[in-house]
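Below you'll find the structure, written out as structure tokens, and then a few comments.
The values are calculated or read from the model by the stated rules, or taken from the named source; none is laboratory data. It should be emphasised that the depicted structure is a prediction, and the values quoted were computed from it without experimental measurement. So basically every Cβ, Gly included, is an ideal-geometry build from the backbone, and we count neighbours across all protein chains shown.
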Amino acid sequence: MVYEKHWKENKKLNKTEKVKLEKDGLRILDNIPFYAENGFDSIPKEQWDLFKWAGLYLQRPKEDGYFMMRVNVPSGILTKSQVDTLAGIAKDYGRGVFDITTRQAVQFHWLEIEQIPDIFKRLESAGLSSVGACGDITRTIVGNPIAGIDPDELFDTTSLVKEVYDFFQRNEDFSNLPRKYKMSISANKKNASNAEINCISFTPAIKVIDGVETKGFHLKVGGGLSSRPFLAKTLDIFIEPERTLEVAIAVTTIFRDYGYREKRHLSRLKFLVADWGAEKFKEKLEEYTGPLLTKGVEPTEEWNAGYFYGVQDQKQEGLKFLGFNVPVGRLDADEVFELARISSQYGSGEIRTCNSQNLIIPNIPEKNVEALLAEPIFKRISINPNSFIGYAVACTGIEYCNLALVETKERMRLIAEELDKRIQLDVPVRIHMVGCPNSCGQRQIADIGLQGIKLRNENKEMVEAYEIYVGGTLNDDGRFNQKLKGKVPATKLTDVLDELLHYFKKDKVKGESFFDF
Ligand code: SF4
């Protein structure tokens with residue numbers, strides 16, 4: 001393989017690459033039973049980072065030995081037994097904390113090494129896995145959360161997501177990539193998968209082939225956020241659905257073999273694509289796939305940012321799906337059990353997660369909707385949330401994350417609830433809060449992005465503060481938000497946002513969005 005030669009000859013590999021050369025990240029799975037038997041102190045420090053390949057991070061502070069676990073939920077689709085399994089893990093081992101991430105995954109906290117084998121066993125018996133949810137590997141695949149029930153989808157992508165996910169899951173040919181690698185596959189016309197911010201995205205497209213209208217995909221490559229964000233570039237190709245896996249393998253092979261491994265902060269696929277450009281990337285891709293068809297047309301509509309609130313028609317007559325708000329993506333394990341019970345009692349038992357950190361209950365017969373909505377849990381988990389809490393996103397933050405500079409989840413929730421008391425608007429304003437430039441909370445695409453920093457106050461003490469960014473969107477080819485001057489201490493953040501939003505309210509015309517303002 002090209003990459004093996006490249007690595008062995010390369011004297012400038014970064015430190016992580018040298019560790020990975022000695023031991024593939026997935027091999028940590030062989031060691032976990034031993035560490036579980038012998039306790040946290042038996043894990044050599046230099047192995048800590050490899051736990052990511054098993055979907056495990058040491059939470060803050062690392063020395064305390066508690067793990068965060070991320071579980072893959074491809075396309076956000078979960079069955080009743082999977083939801084019960086996840087709720088059980090959160091309740092038995094994770095102090096009840098159940099977080100939905102901005103890539104439709106589920107996160108637990110407070111796990112101890114002794115508990116991991118049982119957690120793996122439970123996940124496996126439910127057909128779930130945390131393997132590859134973190135690390136330099138293909139992560140969970142983001143998809144259309146209403147795949148298969150979406151009345152407007154170009155076609156159902158459920159089986160394609162499964163095929164691609166299954167291929168890469170625990171695949172040691174692709175478990176040593178230069179960095180994390182994020183994929184989305186969706187035929188939702190409202191770009192529910194946030195295609196432009198993934199490393200590789202399959203997006204809905206139509207092309208007339210030999211006089212026949214064919215549904216398939218366009219391909220975007222090289223998107224990603226963090227401190228140097230890029231919007232993915234669209235290649236001039238059309239992919240028939242049956243070639244999805246082949247193209248996914250080819251792009252991943254290019255990343256594995258040609259992606260940069262010298263400087264870790266320049267190793268994401270986006271840097272290779274930025275250097276090569278779309279034309280050269282397409283040429284390289286066709287070396288693996290043979291000639292591909294040129295682009296068709298995109299039947300895309302206005303971006304919905306992954307929001308599906310309310311009672312909505314499914315493509316199946318007589319059935320509804322219900323979109324609920326989960327404030328800043330955090331549930332309690334007992335709430336998750338209750339949601340699984342309700343979904344099963346009134347519908348099929350399925351639950352779907354969204355990259356807006358919210359959830360969907362599908363397959364509810366029309367006659368059951370009213371009774372379902374009368375369940376007490378839906379006072380908090382609402383189908384019609386207030387506009388700030390309903391569109392607030394927050395990353396994990398200083399509560400658990402080692403890289404965080406500030407508190408995020410609880411602060412974002414309190415600020416959004418306070419803004420809902422102070423100001424009413426006729427359009428939603430999406431506010432995303434992140435605890436550091438890594439941007440897991442995707443602040444660059446928010447109407448208002450809040451990025452945590454440290455600031456020295458007038459008493460010379462270091463305090464938590466935020467930079468404010470405005471005007472992000474994925475409409476009209478996408479635009480990242482722009483930084484406003486200055487930094488705001490956490491104690492003044494609500495008042496500053498209040499002022500900014502009142503300024504918007506005063507000068508906007510009816511129905512005008514924050515992006516258009
Ligand atoms: Fe942690 Fe930073 Fe990601 Fe937030 S954005 S979860 S603080 S790494």
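Within region 468-482, does at least one residue satisfy the condition of being closer than 25 Å to Ser356 by Cβ, of a type in the set (Phe, Trp, Tyr) and within 16 Å of the ligand (Cβ to nearest atom)?
There is at least one residue in region 468-482 that is closer than 25 Å to Ser356 by Cβ, of a type in the set (Phe, Trp, Tyr) and within 16 Å of the ligand (Cβ to nearest atom).
Go over the candidates Ser75, Ser81 one by one and state the one that is of a type outside the set (A, V, I, L, M), within 27 Å of Ala192 (Cα to Cα), surrounded by fewer than 18 Cβ atoms within 10 Å (Cβ to Cβ) and touching a residue at least 12 places away in the same chain (Cβ under 8 Å).
Ser81
Hey, could you check region 432-461 for residues that are under 15 Å from Ala490 (Cα atoms) and surrounded by fewer than 24 Cβ atoms within 10 Å (Cβ to Cβ) and say which is farthest from the ligand (Cβ to nearest atom)?
Glu458
Test of understanding: among Leu372, Leu331, Leu322, Leu339, which residue is within 18 Å of Val83 (Cβ to Cβ), modelled with pLDDT of 95 or more and in contact with a Pro (Cβ under 9 Å, 6 or more places away or on another chain)?
Sole residue among the options that is within 18 Å of Val83 (Cβ to Cβ), modelled with pLDDT of 95 or more and in contact with a Pro (Cβ under 9 Å, 6 or more places away or on another chain): Leu322.
What single numbered condition from (1) touching a residue at least 40 places away in the same chain (Cβ under 8 Å); (2) within 18 Å of the chain's Cα centre (by Cα) fails to hold for Asn402?
The failed condition is (2).
Is it the case, given these coordinates, that Leu269 is at pLDDT 95 or above and either more than 25 Å from Phe155 (Cα to Cα) or among the basic types (Lys, Arg) (or both)?
Yes; evaluated as a whole, the condition is true for this residue.
Going by what's in this entry, would Leu403 be described as aliphatic (A, V, I, L, M), surrounded by fewer than 24 Cβ atoms within 10 Å (Cβ to Cβ) and either modelled with pLDDT under 95 or within 16 Å of the ligand (Cβ to nearest atom) (or both)?
When the stated conditions are applied, Leu403 passes them.
Residue check: is Ala250 touching a helix residue (DSSP H, G or I) at 6+ places or on another chain (Cβ under 8 Å), of a type outside the set (S, T, N, Q) and modelled with pLDDT of 95 or more?
Taking the combined requirement at face value, the residue satisfies it.
Here are the criteria: (1) away from the ligand (no atom under 16 Å from the Cβ); (2) buried (at least 18 other Cβ atoms within 10 Å of the Cβ); (3) among the small types (Gly, Ala, Ser). Tell me which single one Ser348 does not satisfy.
(2)
Only residues that are of a type outside the set (S, T, N, Q) and crowded, with 20+ Cβ neighbours inside 10 Å: list them for region 353-380, please.
Scanning region 353-380 gives Cys354, Leu359, Ile360, Ile361, Pro362, Ile364, Leu372.
State yes or no: is Lys421 at positive phi, surrounded by fewer than 19 Cβ atoms within 10 Å (Cβ to Cβ), more than 15 Å from the ligand (Cβ to nearest atom) and without any contact (Cβ under 8 Å) to a residue 24 or more places away in the chain?
No.
Taking the criterion of being within 16 Å of the ligand (Cβ to nearest atom), acidic (Asp, Glu) and either touching a strand residue (DSSP E or B) at 6+ places or on another chain (Cβ under 8 Å) or at pLDDT 95 or above (or both), would at least one residue in region 409-417 satisfy it?
yes
Listed here are the residues, each with its yes/no results for (1) over 30 Å from Ile360 (Cβ atoms); (2) in contact (Cβ under 8 Å) with a residue 40 or more places away in the chain; (3) of a type in the set (A, V, I, L, M, F, W, C); (4) surrounded by 15 or more Cβ atoms within 10 Å (Cβ to Cβ).
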| residue | (1), (2), (3), (4) |
| --- | --- |
| Leu13 | yes, yes, yes, yes |
| Lys20 | yes, yes, no, yes |
| Ser42 | yes, no, no, no |
| Ala54 | no, yes, yes, yes |
| Val71 | no, yes, yes, yes |
| Val97 | no, yes, yes, yes |
| Trp110 | no, yes, yes, yes |
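Would you mind finding the one in Thr244, Thr294, Thr234 that is touching a Phe, Trp or Tyr at 6+ places or on another chain (Cβ under 8 Å), of a type in the set (S, T, N, Q) and under 30 Å from Gln357 (Cβ atoms)?
Thr244 is the lone residue from the list that is touching a Phe, Trp or Tyr at 6+ places or on another chain (Cβ under 8 Å), of a type in the set (S, T, N, Q) and under 30 Å from Gln357 (Cβ atoms).
Filter region 468-478 for residues that are in contact with a helix residue (DSSP H, G or I) (Cβ under 9 Å, 6 or more places away or on another chain) and assigned to a loop (DSSP other than H, G, I, E, B); which is farthest from Ser227 (Cα to Cα)?
Filtering region 468-478 for residues that are in contact with a helix residue (DSSP H, G or I) (Cβ under 9 Å, 6 or more places away or on another chain) and assigned to a loop (DSSP other than H, G, I, E, B), the one farthest from Ser227 (Cα to Cα) comes out as Asp477.
Name the residue, out of Val496, Val470, that is modelled with pLDDT of 90 or more, under 23 Å from Gln424 (Cβ atoms) and over 28 Å from the mean Cα position of the chain (by Cα).
Val496
Could you check region 87-140 and list, in sequence order, the residues that are of a type in the set (A, V, I, L, M, F, W, C) and under 14 Å from the mean Cα position of the chain (by Cα)?
Scanning region 87-140 gives Ile100, Ala105, Val106, Ala133, Cys134.
Any idea which of (1) within 24 Å of Ile28 (Cβ to Cβ); (2) buried (at least 24 other Cβ atoms within 10 Å of the Cβ); (3) in contact with a Ser or Thr (Cβ under 7 Å, 6 or more places away or on another chain) is the one Leu86 doesn't satisfy?
(3)
If I go through region 113-168 residue by residue, how many of them are assigned to a loop (DSSP other than H, G, I, E, B) and of a type in the set (A, V, I, L, M, F, W, C)?
11
Looking at Arg228, Arg243 in this structure, which one is surrounded by fewer than 24 Cβ atoms within 10 Å (Cβ to Cβ) and assigned to a loop (DSSP other than H, G, I, E, B)?
Result: Arg228 is the single residue among Arg228, Arg243 that is surrounded by fewer than 24 Cβ atoms within 10 Å (Cβ to Cβ) and assigned to a loop (DSSP other than H, G, I, E, B).
Could you please tell me which pairs satisfy a Cβ distance under 6 Å, a separation of 6+ or placement on different chains, a first residue in region 278-289 that is under 14 Å from Arg256 (Cβ atoms), and a second residue that is surrounded by 12 or more Cβ atoms within 10 Å (Cβ to Cβ) and of a type in the set (Gly, Ala, Ser)?
Leu285/Ala250; Tyr288/Ala250
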